[in-house]
1. Determine which single condition residue A:53 fails, assuming it passes every other condition in (1) within 12 Å of another protein chain (Cβ to nearest Cβ); (2) part of a loop (DSSP other than H, G, I, E, B).
2. For the structure I just gave you, tell me whether residue B:151 is surrounded by 14 or more Cβ atoms within 10 Å (Cβ to Cβ), more than 14 Å from every other protein chain (Cβ to nearest Cβ), closer than 21 Å to residue B:230 by Cβ and within 16 Å of the ligand (Cβ to nearest atom).
3. Can you pull out the residues in the range A:55-87 that are touching a His at 6+ places or on another chain (Cβ under 6 Å), more than 16 Å from the ligand (Cβ to nearest atom) and closer than 22 Å to residue B:249 by Cα?
4. With the requirement that a residue be among the acidic types (Asp, Glu), over 24 Å from residue B:125 (Cβ atoms) and within 9 Å of the ligand (Cβ to nearest atom), what does the range B:91-110 give you?
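What follows draws every value from the coordinates through simple rules; no lab data is involved. Remember, it's a predicted structure, so these values are computed and weren't measured experimentally. Every residue, glycine among them, receives a Cβ derived from its backbone with ideal geometry; neighbour counts consider all protein chains shown.
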Amino acid sequence: METSTTTAKVKIHLTTRSEDIQLPVETGPILVPTELRRYQLSTLVNTLLETVQPVPLEFLVNGQFLRTSLDEYLTQNGISAETTLNVEYVKALIPPLHVASY
Amino acid sequence: NTHLSPEDVGVELPLEDAQRLWAKHEDSTRNLALVLTEHLRLILHPTQATRMRGDFRTGKRLNIKRIIPYIASSYKRDKIWMRRSVPTKRSYQVMLAIDDSKSMAESDSQELAFMTLALIAKSMSMLEVGELSVVGFGEQVKVAHDFSTPFTSDAGSRILQQFTFSQSKTNVQRLLTESIEMFRAARLKAAGSASDLWQLQLIISDGICEDHPAIRQLIRQAHEERIMVVFIVVDPATLSPGVASGTKQSILDLQTAEFVKDAMGEMQLKMNKYLDTFPFRYYLIVRDLQDLPGVLAGALRQWFSETVDSGT
Ligand SMILES: [Mg+2]
């Protein structure tokens, strides 16, 4: 087996239950590098929302808060990147810490 | 939620079901296959009219384009003549590569992929222009039908059996690398015949693949070896915008998000349409099988005119 230098990608479908931070209907799934973490996903959603003042966000994948990169999440849960991931976002209740949480 | 392990393969269809399925697809594409066959007959057989072409030291007519270089080179580049060329009989090796990855099942693309396979395979065998092979790709490349086996209805159902749409990667780089090898081997085997051999690969996939620059490089290599690659994107997504909650979406609307370093070394979010970086030069998007004969014929016609005119 040769090794691949490919940056893996996965399709994510972003949803939220908060009325005030809904994405436009036509956004649809987005193809993202699996190396993304909470911070980059937050930047992505804020960009899509065109927020003036960025809203800090937390992300839930299959009901679990994302504390790793998407790639680590997929590996740990044995999910193939061929599957579209349902990613729910919520407003972060406390300002996110710049230390690793467990 | 779907958990997959490398050993996890989908269930193979029993032969009887595969036969029934193949018969159904053959049936439903019968009329379209006739249309496609007529299109292809005109394109794949070389025109009988002879033309003046080539750069020769002697010949019938001067090639005006070569005169200035001829003088500029102090009369050294003297291949300034054209000759009448007679087209030779062409034969083809056509490889259908079908995406066997899990995303095909997720996007409900299997049905359209199988119908596309039935349609093209039927037309090619009606034309009797050469050999046909079928491979499946995903994480691995698997030969489902090789060039040396005749294509019958029986072959069709046995091919269907080998697709499970459960491979957990879509490695198009590997597909191209391995198919170039297969085409090389097939060309050597066909070397005995006097006819002019043309090689064509038709990839049938949902179109989602990674590492576009590396793929572009491999397509260039295939091109240099006179292998034409046409990417057929099957895109069954519903056009009705009402399905907001669904994950079904046309590839035309798919966006990609990436973080790239800007001039200041800061990571910036960059969003693009997925198809803007799509590496295949010849690709078609098929939503409705009715469109396939026309668009496929168009792509092949363009390729032939470019290849023949450049005097390859
Ligand atoms: Mg795939």
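1. All conditions pass for residue A:53, except number (1).
2. Taking the combined requirement at face value, the residue does not satisfy it.
3. Here is the first cut: in the range A:55-87, the ones touching a His at 6+ places or on another chain (Cβ under 6 Å) are A:78, A:84, A:86.
Add one more test, that the residue is more than 16 Å from the ligand (Cβ to nearest atom), and what stays is A:78, A:86.
Within the range A:55-87, just A:86 meets the criteria.
4. Narrowing the range B:91-110 to residues among the acidic types (Asp, Glu): B:99-100, B:106, B:108.
In the following step, the residues that additionally are over 24 Å from residue B:125 (Cβ atoms) were identified as B:106, B:108.
B:106 - this is the single residue of the range B:91-110 that is among the acidic types (Asp, Glu), over 24 Å from residue B:125 (Cβ atoms) and within 9 Å of the ligand (Cβ to nearest atom).
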